[in-house]
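Everything on this sheet refers to the single structure shown next.
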Amino acid sequence: MSHASHSLFIWVSHLPRLPSPLSRSGIRLRLHPLMTLDASQSSSATATLHEVPLAHVHDARRADLSFPQTTTNTDYAGFSDEYRNVTHDGLIPADLALKPRPTHASIRPLALKDSEKGFKLHDVQLVTWKENDPEDPRQWSDAYRWYITGVAALAVVSVAFGSAVVTGDFKDIERDLDCGEVVVALSVSLMVCGFGIGPLVWAPMSELYGRRITWILPGIVYVIFNIPCALAKNIETLLVCRFICGFFASAPLAIAGGTISDVWDNNERGFAIALFAAAPYGGPVLGPIVGGFVGESLGWRWMLWVNMIFAGVVAIVCCALPETYAPYLLKQRAAKLRKETGNPNITTEQEMFKASLAQIIFDTLIRPLEMLGSEPILLLMSLFIALVYGELYAFFFSFPVVFGEDYHWSNGKVGLTFLSVIIGLSLALLVTPCIEKNYLKRAAAKGGYADPEDRLIGMMLGAPFVPVSLFIFGWTSPPYVPVGGADWVGPCSAGIPFGFGMVIIYFSANAYIIDSYPGYVASALAAKTLVRSGAGAAMPLFTAIMFRGLGNGWAASLLAFVALAMVPIPFLFYRYGGSIRARSKRAA
């Protein structure tokens with residue numbers, strides 16, 4: 001490296017530490033601090049030295065949930081901020097845009113090490129957003145972006161609602177279809193299994209073809225397959241169609257977080273992501289509330305008709321959603337520019353470094369399992385999330401035992417007890433903005449960039465609430481507190497601390513996973529989804545039997561002791577997480 005280029009590298013490497021007057025002027029230079037420049041590259045360096053308003057600058061040090069990790073050959077090309085960058089002319093040289101995968105190793109991309117490929121990259125222009133670009137979803141009005149956020153959260157609530165609505169009237173399903181309790185419970189388990197498998201298809205599909213088509217097509221098929229569920233003449237038809245419903249209904253679970261990330265940059269999406277965190281847990285809670293009254297008044301088939309109507313309304317609303325996925329939008333812009341200018345070197349990183357089908361399958365199926373076996377942070381965080389998710393579904397089967405069999409309440413009245421969980425969930429939504437403010441305060445104290453472990457503050461707050469709620473539920477239920485008067489207040493109120501802890505834990509644990517594995521976030525989230533769905537599918541199969549066999553107190557205590565064993569996890573990772581990540585090849 002020449003003396004001049006070496007000096008340029010030293011200067012660039014210290015850009016984040018420039019004096020405060022530069023920040024006050026609202027200017028940021030767009031050359032990535034990790035890239036080294038040789039003599040052949042330095043001539044094009046000025047192409048990226050644009051003055052960009054700080055309000056529209058993506059924080060490149062945090063995970064980009066809109067980056068097409070699964071469908072881009074990142075092992076060869078590395079990463080880029082192309083889809084988040086803002087430049088004056090909407091183009092950035094490819095050799096300067098590529099950067100190391102965001103792990104602590106920061107290995108230079110192979111594409112830049114390859115001298116032949118590097119020479120070609122010198123002439124390639126990657127398409128970026130322009131200043132005040134009307135097509136950039138982050139530039140849309142706040143009201144419109146909150147509308148998109150609301151629709152995304154509503155879609156997640158809708159599909160989660162569908163998984164639990166049948167719990168409102170299991171007895172009539174057992175009688176009409178001539179099957180046992182455990183077999184009927186499979187109608188919940190199989191749909192939740194579909195929730196775990198479907199995202200492995202829908203997430204890569206959204207990267208290739210955009211968010212909009214992935215919102216629309218699976219939603220329509222989900223609505224259609226509710227019809228044979230409602231008309232089923234045997235349990236086999238119901239179970240098969242419920243699994244298919246879960247597979248197609250999982251699309252919002254796969255892309256809602258990404259859609260929210262499309263319209264809110266990573267330095268401004270705190271409360272929007274909190275809504276997304278609450279939706280997968282709030283939706284199932286609504287299921288037995290509605291299903292209980294509908295089942296006892298109109299019959300179990302109408303529970304499924306109501307679910308179809310709800311899903312149909314949401315599908316119609318989703319049809320009006322715009323395309324928000326930056327890589328897809330910029331790919332269309334690149335194709336238009338190539339046609340207009342005749343320059344074949346205008347492209348996007350995803351187009352230039354396409355992942356093969358084998359790579360996509362590896363990233364969605366193999367790598368998540370591999371990471372679960374080699375990354376203790378991912379494994380234990382996923383197990384904690386799965387435990388809480390599974391215990392939520394355990395409530396759907398233990399509440400009918402306690403309030404239906406011990407208190408002799410009707411299905412509709414049993415469903416109302418889940419309002420306590422909604423109260424706890426609502427309280428969590430009030431607290432999550434405070435947790436986010438605390439995180440931003442910690443980041444500011446550390447020079448603008450917090451450690452991933454700073455995400456665990458909320459989890460440390462919420463973790464004790466789950467075992468406490470289960471102990472309350474078990475030991476205030478009959479026969480420990482005799483039936484009569486207001487004795488139901490104890491077990492019913494247990495839903496409040498559970499709902500609160502559940503959302504706080506998920507919000508913080510999910511953020512910790514994302515910040516810990518920004519270079520492998522797609523695989524990490526796929527692993528979490530698989531484990532979470534597995535727990536949600538398993539719990540319905542034995543919860544009612546366990547409560548009848550062990551009694552309410554000891555059955556709830558068994559679940560509480562498992563949750564209690566999980567409580568130290570966020571505290572231990574807060575203390576030792578940094579050293580664990582330092583020994584990982586994939587962690588930040």
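The values are calculated or read from the model by the stated rules, or taken from the named source; none is laboratory data. On a predicted model such as this, the values are computed, not experimentally measured, just so you know. Using ideal geometry, Cβ is built from the backbone for each residue, glycine included, and neighbour counts are taken over all protein chains shown. Accessible surface areas use protein heavy atoms only, side chains included; no ligands, DNA or RNA. Shrake-Rupley method; radii C 1.70, N 1.55, O 1.52, S 1.80 Å.
Here are a few things to note about the model shown:
- Under the Karplus curve 6.51 cos²θ - 1.76 cosθ + 1.60, θ = phi - 60°, whole-Hz ³J(HN,Hα) for the stretch 424-441, x wherever Gly or Pro sits: x, 4, 5, 4, 5, 5, 6, 8, 4, x, 5, 5, 5, 4, 4, 5, 5, 5
- The phi-based Karplus calculation (6.51 cos²θ - 1.76 cosθ + 1.60; θ = phi - 60°) puts the 3J(HN,Hα) values of the stretch 489-506 at 4, x, x, 5, 5, 4, x, 5, x, 5, x, 5, x, 4, 6, 4, 4, 5 Hz, whole numbers, x for Gly and Pro.
- Cα-derived Rg to Rh of the stretch 372-587, Kirkwood definition: 1.03
- A convex hull fitted around the alpha carbon atoms of the stretch 245-309 yields 89 Å³ per residue.
- The chain: angle of helix 251-263 to the longest principal axis, Cα-based, in degrees nearest 10: 40 degrees
- Axis of helix 142-164 versus longest Cα principal axis of the chain: the two differ by about 40°, to the nearest ten degrees.
- Matching the structure-derived Cα extents along the principal axes in Å against the labelled list (1) 85, 48, 41; (2) 79, 74, 42; (3) 91, 78, 50 gives the label (1).
- The stretch 163-239: trypsin sites (Lys or Arg not before Pro) in DSSP coil with no more than 15 other Cβ atoms inside 10 Å: LYS233
- Amide H contacts of LEU91 (H built 1.01 Å from N, in plane; Pro and chain starts excluded): THR128 sit under 5 Å, all sequence-distant by 5 or more or on other chains.
- Sequence-ordered 3J(HN,Hα) estimates for the stretch 443-460 from the Karplus curve with 6.51, -1.76 and 1.60 and θ = phi - 60° stand at 5, 4, 5, 9, x, x, 9, 7, 6, x, 5, 5, 6, 7, 4, x, 5, 5 Hz, glycine and proline given as x.
- Across the stretch 306-399, counting alpha-carbon atoms alone, Rg and Dmax equal 21.5, 66 Å.
- Counting only residues at least eight positions apart within a chain, or on another chain, the lysines with an alpha carbon under 20 Å from that of LYS437 are LYS446.
- Proximal aspartates and glutamates relative to LYS413, as straight alpha-carbon distance under 18 Å, when same-chain residues fewer than 8 apart are discounted: ASP169, ASP172, GLU296, GLU405, ASP487
- Set LYS120/LYS354; LYS99/LYS331; LYS99/LYS441 screened for pairs whose C-alpha atoms are more than 23 Å apart: LYS99/LYS441
- Annotation: amide H of PHE79 within the under-5 Å range of LYS99, ARG101, sequence separation 5 or more or interchain, hydrogens built in the peptide plane.
- As computed over the stretch 138-323, the Cα convex hull volume per residue (Å³): 102 Å³
- Computed with a 1.4 Å probe over protein heavy atoms only, the accessible surface of the chain comes to 38 Å² per residue.
- Within the full protein context, the accessible area of THR70 is estimated at about 10 Å² for a probe radius of 1.4 Å.
- Surface share of carbon and sulfur [accessible, 1.4 angstrom probe, percent] for the chain: 67 percent
- Using the Cβ of PRO478 as centre and a radius below 11 Å, the other residues enclosed give a net charge of -3, where K and R count +1 and D and E count -1.
- Exposure of PHE248 as accessible area (Å², to 10), given a probe of 1.4 Å and all protein chains: 50 Å²
- For the stretch 505-532 versus the stretch 405-458, the inter-centroid distance based on Cα atoms is 17 Å.
- Annotation: amide H of ILE346 within the under-5 Å range of GLN125, sequence separation 5 or more or interchain, hydrogens built in the peptide plane.
- Cα gyration tensor category, rounded, prolate or oblate, for the stretch 480-550 with a/c compared to 1.5: oblate
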